[in-house]
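Below is one structure, written out as structure tokens; the observations come after it.
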Amino acid sequence: MATDHIQKLQKAVRDVPDFPKPGIIFKDITTLLSDGELFKNTIDIFLEANAGRHIDKIVGIDARGFIFGAAVAYQLGVGFVPVRKKGKLPYTTESMSYTLEYGEAVIEMHVDAIGKGEKVVLIDDLLATGGTAAAAVKLIEKIGGELIEAQFLIELEFLHGREKLAPFPVRSFLKY
């Protein structure tokens, strides 16, 4: 992996203190999206991680996973599958609930989005506590897909989110 790409991306991620609430330091990636070279570098590191693999589908989590996942799927010439918040997909769905700090959330995927045995890579912008990603992995399996790897641009290692994704391989590029 191009170390210079990683260093440029790490330097460009903006810290926003006290967002969305006091005590949180938000990792803002809009700086990577609005700069053509940085956005290309971001997609390139995902592409490099998936070079030479047999992949049928890229699954992206609502909403920033859509940005990276769709671009990667396009470049690989494979299908893209959105995982969305409950009630946002128009066709028959499977759903999975997961626990949030103060309550529960539900994500959904179309029942026919992944064929039985299709090889899938999950892509999202951030791995924090791992709840949303773990629910997405369960959806992939419930529909019949085989997860190759879960990939994240950023991982907040101190939150131990990858533990919720075991035994699946997890890859992150920028670690905090």
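The values are calculated or read from the model by the stated rules, or taken from the named source; none is laboratory data. Just so you know, these numbers come straight off a predicted model, no measurement behind them. No Cβ is skipped: glycine too gets one built from the backbone with ideal geometry, and neighbour counts run over all protein chains shown. Just the protein is used for accessible areas: all its heavy atoms, side chains included, with ligands, DNA and RNA removed. Shrake-Rupley method; radii C 1.70, N 1.55, O 1.52, S 1.80 Å.
Search region 6-31 for residues being part of a helix (DSSP H, G or I) and hydrophobic (A, V, I, L, M, F, W, C), and hand back the single one that is least open to solvent (accessible area, probe 1.4 Å).
Going through the qualifying residues, I end up with Leu9.
The residue that is farthest from Arg53 (Cα to Cα), among those in region 106-150 that are buried (at least 23 other Cβ atoms within 10 Å of the Cβ) and either touching a Pro at 6+ places or on another chain (Cβ under 9 Å) or among the aromatic types (Phe, Trp, Tyr) (or both), is Met109. So for region 87-105 (the condition being open to solvent by 10 Å² or more (accessible area, probe 1.4 Å), in contact (Cβ under 8 Å) with a residue 60 or more places away in the chain and part of a strand (DSSP E or B)), does at least one residue qualify? No, region 87-105 has no match at all.
Taking region 33-59 as the region of interest, how many residues are in contact (Cβ under 8 Å) with a residue 40 or more places away in the chain and either under 15 Å from the mean Cα position of the chain (by Cα) or not in a loop (DSSP other than H, G, I, E, B) (or both)? Full working, then the answer.
Narrowing region 33-59 to residues in contact (Cβ under 8 Å) with a residue 40 or more places away in the chain: 42, 44-46, 48-50, 53-59.
Right, trim to either under 15 Å from the mean Cα position of the chain (by Cα) or not in a loop (DSSP other than H, G, I, E, B) (or both) and you get 42, 44-46, 48-50, 57-59.
Summing the residues that are in contact (Cβ under 8 Å) with a residue 40 or more places away in the chain and either under 15 Å from the mean Cα position of the chain (by Cα) or not in a loop (DSSP other than H, G, I, E, B) (or both) in region 33-59 gives 10.
Do we have any residue at all in region 148-170 that's at pLDDT 95 or above, basic (Lys, Arg), closer than 30 Å to Ile25 by Cβ and in contact with a helix residue (DSSP H, G or I) (Cβ under 6 Å, 6 or more places away or on another chain)? For region 148-170, residues at pLDDT 95 or above, basic (Lys, Arg), closer than 30 Å to Ile25 by Cβ and in contact with a helix residue (DSSP H, G or I) (Cβ under 6 Å, 6 or more places away or on another chain): present.
Hey, does region 32-41 have a residue that's among the small types (Gly, Ala, Ser), open to solvent by 30 Å² or more (accessible area, probe 1.4 Å) and either in contact with a Cys (Cβ under 7 Å, 6 or more places away or on another chain) or closer than 20 Å to Glu118 by Cα (or both)? Explain how you work it out, then say what you get.
Residues of region 32-41 that are among the small types (Gly, Ala, Ser), as a first pass: 34, 36.
From what's left, open to solvent by 30 Å² or more (accessible area, probe 1.4 Å): 34, 36.
Restricting the remaining residues to those that are either in contact with a Cys (Cβ under 7 Å, 6 or more places away or on another chain) or closer than 20 Å to Glu118 by Cα (or both) gives none.
No, every residue in region 32-41 fails to be among the small types (Gly, Ala, Ser), open to solvent by 30 Å² or more (accessible area, probe 1.4 Å) and either in contact with a Cys (Cβ under 7 Å, 6 or more places away or on another chain) or closer than 20 Å to Glu118 by Cα (or both).
Is it the case that Tyr74 is more than 16 Å from Ile58 (Cα to Cα) and of a type in the set (Phe, Trp, Tyr)? No, not satisfied.
Among the residues in region 60-76, are any assigned to a helix (DSSP H, G or I), free of Cβ contacts under 8 Å to residues at least 60 places away in the same chain and touching a His at 6+ places or on another chain (Cβ under 8 Å)?
no
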